[in-house]
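What follows is a set of notes on a single structure, which appears directly below.
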Amino acid sequence: MCPFNKKMELESTHPMQFQLACFNYRCQIFPPGLDENFYNVTCPNVTTIVKNQVIAAVQQEARMAASLLRLHFHDCWPNGCDASVLLDASSAFGTEKTVPQNNNSLRGFEVIDQIKAQVEQECPNTVSCADILTLAGLFAVIEAKGKGWPVALGRRDSTTTAVKAASAFLPTPDLSFYELVQNFKRVNFTIDEMIILSGAHTIGRARCASITSRLYPVPDADINSTFLHTLEANCPLNGNASVLNDFDPVTPDLFDNQYYKNLQQRKGLLHSDQELLNGVGANPATVNLLANASATFLADFATAMIKMDNLSPITGEYGEIRLNCHTVNSPAIREMDSTDIDLLIALQ
C-alpha cells in the first residue's frame, strides 16, 4: 500500500523509485473523491474530447502546448487545482489573471473555452473546468512528445479566486535557489521534484520582460557569453518587453531533457532556471542526472505531475460545476448542480 499522503512526504534523491513502486503494484495514489473512471457513466467521451481539441490547438500553434501546461500549473500552485485561474473579475472578487506572474502572459483560455463548449453540448452540467484544465495539461505534454501519466477526475470548480495566494506564491523569474526551494516546500515538493517540474521549461517561450533584469545594467555572471549576446540582441535595453525568447533554443517545442543540457552550458533563459545548477546551495547532481537520462526525466516528470494534479482538489458537494469557466454559476444553477451530485453518486 502506498497512500497518497505518504507520497507527499517522500524524500528521495531519485523520484523514479516511487513511480516504479506505485505503477508496479497499482497502489493508491489519488486523494479521496478522485477516480480515473469518474466520468465513465456520466460523460464517457470527455477524455477524447479534450485530447482531440488539444491536439488541434497544438498543431495550429506549437507554443500552445507550453501555454496549456503553464495555465494548469498557475491554477494549481496558489490554492489547489480548482480552475480559479479561469475566473474573470466580478463584483465579489478579483481575478488571478492580472497578478504580476500572469498579467499579459497567461494564455490558452480560448482552448479551454472550446473544450468546455463541446463537453457541455455532450454532457451538460457534468464535467468541471478544473478537470478539463488538468486533462489539457496532460495532453499538451503528450502532444509535445512527452510521457503521459494517470489522471484522476472528479474535481469541482471553486466559487471564488485566490488573488492574494497567486500573487504571493506563483514563482517569479528572479527567484534564487533558496527561494525556489521554499516556494516548492510550501506544497510539500522536494528539491528533486522542484528541479524535475522546472523541466516544463523545455518547451515554450518567455517575454523579454522576464529576463531584462538579468541582462541590464550588469549581466548575470552565470550566462554563457554567446547566449548573452543572443539575448541582448533580442531584448535590447528599453526595447519591446513582449518579444519572445525560446526557453530551449535547441528543441523549443519538443518535450525532452534538453533544458538540463542547456543549464550545463549556462544557457538557462530565466535567472531562476540557471539557479537550479549555479545557485547558492544548489547540488548539480540532479540536473546532471536528468541531462544525461532522457527516459528518467520523462518518467520522473510524469510522477511529479501526478502529485501536482492532486493539490488540494475540491470534491464531493463542495464547489460547483461551472457552466462557463469564466464565471461562477447563479444560485439557481448551483442548486440544480447539488441535485445532480446525488444522481451521480447513485449511478456510481
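The values are calculated or read from the model by the stated rules, or taken from the named source; none is laboratory data. Computed from a prediction, not measured in an experiment: that's the story for all the values here. As a convention, Cβ positions derive from the backbone with ideal geometry for all residues, glycine included, and neighbour counts pool all protein chains shown. These accessible areas exclude ligands, DNA and RNA; they are computed on the full protein's heavy atoms, side chains included. Shrake-Rupley method; radii C 1.70, N 1.55, O 1.52, S 1.80 Å.
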- Message: Above 21 Å lies some portion of the pair distances; for the stretch 168-252, what is it as a whole percent of all C-alpha pairs?
- Response: 38 percent
- Task: Subtract the Cα-Cα distance of Leu237 and Lys145 from 0.36 nm times their separation in residues, and report this length gain in nm to one decimal.
- Result: 29.5 nm
- Calculate the spin-label point distance for Asn288 paired with Ala221, positioning each point 7 Å from the Cα along the beta-carbon direction, and give it in nanometres. 2.1 nm
- Message: Helix 294-309 against the longest principal axis of the chain: what's the angle in degrees, Cα atoms only, rounded to the nearest 10?
- Response: 50 degrees
- Rg to Rh, two decimals, where the stretch 43-162 supplies the alpha carbon set and Rh follows Kirkwood: 0.95
- Query: Using a 1.4 Å probe, what is the accessible area per residue for the chain, in Å²?
  - Reply: 43 Å²
- Message: For the chain, take the longest principal axis of its alpha carbons; what is the angle in degrees between that and the long axis of helix 46-60, to the nearest 10 within 0 to 90?
- Response: 30 degrees
- Task: Can you tell me the 0 to 90 degree angle between the C-alpha axis of helix 331-347 and the longest principal axis of the chain, rounded to 10?
- Result: 80 degrees
- Task: Stick to Cα atoms and the Kirkwood definition of Rh, then tell me Rg/Rh for the chain.
- Result: 0.97
- Once amide H atoms are placed 1.01 Å from N in the peptide plane, what residues at a sequence separation of 5 or more from Leu311, or on another chain, have their amide H within under 5 Å of its amide H? Cys81
- Item | Length gained when the stretch Gln59-Gln265 is fully extended (0.36 nm per residue, less Cα-Cα span) | 71.1 nm
- Note on the structure: Note, the stretch 210-224: 3J(HN,Hα) by Karplus (6.51, -1.76, 1.60, θ = phi - 60°), whole Hz, Gly/Pro = x, goes 7, 10, 4, 5, 9, 9, 10, x, 10, x, 4, 6, 9, 9, 3
